[in-house]
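Student: Have a look at this one before I ask anything.
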Amino acid sequence: MTNAEVAAYIGQWRPTSVSPRAAAFARDVITATAPGGRERAKNLLRAAGKLADRAVGMGLEPVPQVLLHPSTAERFTRCAPGLSGAARRTLRTNLRFTGRRVVPQFYPQDLPLPRERAKAPYTPAEIGGYLALAGAQPTPTRGMRAGALICLAAGAGLIRADLRQVRGADVAARSGGVVAAVRGARSRTVPVLARYQDRLLAAAGFAGDGLICGGTEPGRRNITYPLVSALDGGGGLPRLDTSRLRATWLRDCADQLGLATFMAAAGISCSQRLGDLTADLEPGSEADAVALLGRTRRS
């Protein structure tokens, strides 16, 4: 359809669902947007007509500076009755498109926001280097605590408060593997990946009922700092970062679950809806989690 035909369609648009005054406003502003086709023009006309019809009924003047102001359009989008969530999003998109074309002074250009990327996981060789450094600490206590830090973070995904609260008694060999009980607001039981099981059990036995990473009070916020500092820079390794250790655990779990194979089969590279898709699924038992993530403990 040519531009002239689209313009003619807009000029003839006189629906019975909105008032003549609202329809006139819609025709004027959508003509100014120069939509690229009849279907696009129809959708924009409907959005502008609905906005104007409701606004005129509330006593607002049907001029672009008033009705297409972001605050007016946003309030209409949120409060318009009888619309589904998808319909509201479509309505907002169409009104914003019209506003940017007709009253651009109210719609400054959006600046792109950087997307936070996942921390880079450590390589298996780097993890081996950190474990070797932990084993070479000058005292058995420091070595056990440093090894436990690596095993809990890279082997069970624990960071921050989760790490500070784990006691030796919270680590146990059961359900066919090794599990770590996490205390606090997000209490849970986490299977430990096979590579870290023996080392973590040894550290847990050494700690007994004490905090496995050291200290006497879980509320202390610098419990892990001495351990990270002790492993800093040795053997040409980068500085130890517990967030990167957790990313390593996430990567290794994704590999065991076949997540990359699933995403390749689904044709997606990133999904923000996995939480929505799994919200109604019940997690398996501890034994199921160990079988899936912890494998069988090595003899």
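Student: So which residues in the range 67-89 are part of a helix (DSSP H, G or I), in contact (Cβ under 8 Å) with a residue 24 or more places away in the chain and surrounded by fewer than 17 Cβ atoms within 10 Å (Cβ to Cβ), if there are any at all?
Tutor: Pro70
Student: In the range 91-103, how many are of a type in the set (Ser, Thr, Tyr) and without any contact (Cβ under 8 Å) to a residue 12 or more places away in the chain?
Tutor: Of the residues in that region, 1 qualify.
Student: Moving on. Keeping to the range 207-231, report how many residues are loosely packed, with under 11 Cβ neighbours inside 10 Å and modelled with pLDDT of 90 or more.
Tutor: The total comes to 2.
Student: Given the conditions (1) farther than 16 Å from Arg246 by Cβ; (2) outside the structural domain of Thr242 (by TED's automatic domain parsing), report the number of the one that Gly128 does not fulfil.
Tutor: Only one criterion is unmet by Gly128, namely (2).
Student: Right, something else. So which of Arg101, Arg142 ends up being at pLDDT 90 or above and closer than 30 Å to Leu67 by Cβ?
Tutor: Arg101
Student: Let me ask you something else. Which condition from (1) under 37 Å from the mean Cα position of the chain (by Cα); (2) surrounded by fewer than 17 Cβ atoms within 10 Å (Cβ to Cβ) is the one that Glu61 breaks?
Tutor: Here Glu61 clears every test but (1).
Student: May I pose another question? Which residue out of Ala156, Ala146 is touching a residue at least 60 places away in the same chain (Cβ under 8 Å) and within 27 Å of the chain's Cα centre (by Cα)?
Tutor: Ala156
Student: In the range 127-149, what count of residues is obtained for those that are surrounded by fewer than 21 Cβ atoms within 10 Å (Cβ to Cβ) and aliphatic (A, V, I, L, M)?
Tutor: Counting residues in the range 127-149 that are surrounded by fewer than 21 Cβ atoms within 10 Å (Cβ to Cβ) and aliphatic (A, V, I, L, M) gives 3.
Student: In the range 118-140, which residues are touching a residue at least 60 places away in the same chain (Cβ under 8 Å), of a type outside the set (A, V, I, L, M, F, W, C) and assigned to a helix (DSSP H, G or I)?
Tutor: Correct list: Glu126, Gly129, Tyr130, Pro140.
Student: Considering only residues that are within 17 Å of Arg188 (Cβ to Cβ) and surrounded by fewer than 12 Cβ atoms within 10 Å (Cβ to Cβ), look in the range 248-278 and name the one that is modelled with the lowest pLDDT.
Tutor: Residue satisfying both the conditions and the ranking: Gly275.
The values are calculated or read from the model by the stated rules, or taken from the named source; none is laboratory data. Note that this is a predicted model, so its numbers are computed, not measured. Positions of Cβ are backbone-derived with ideal geometry, glycine not excepted, and every protein chain shown enters the neighbour counts.
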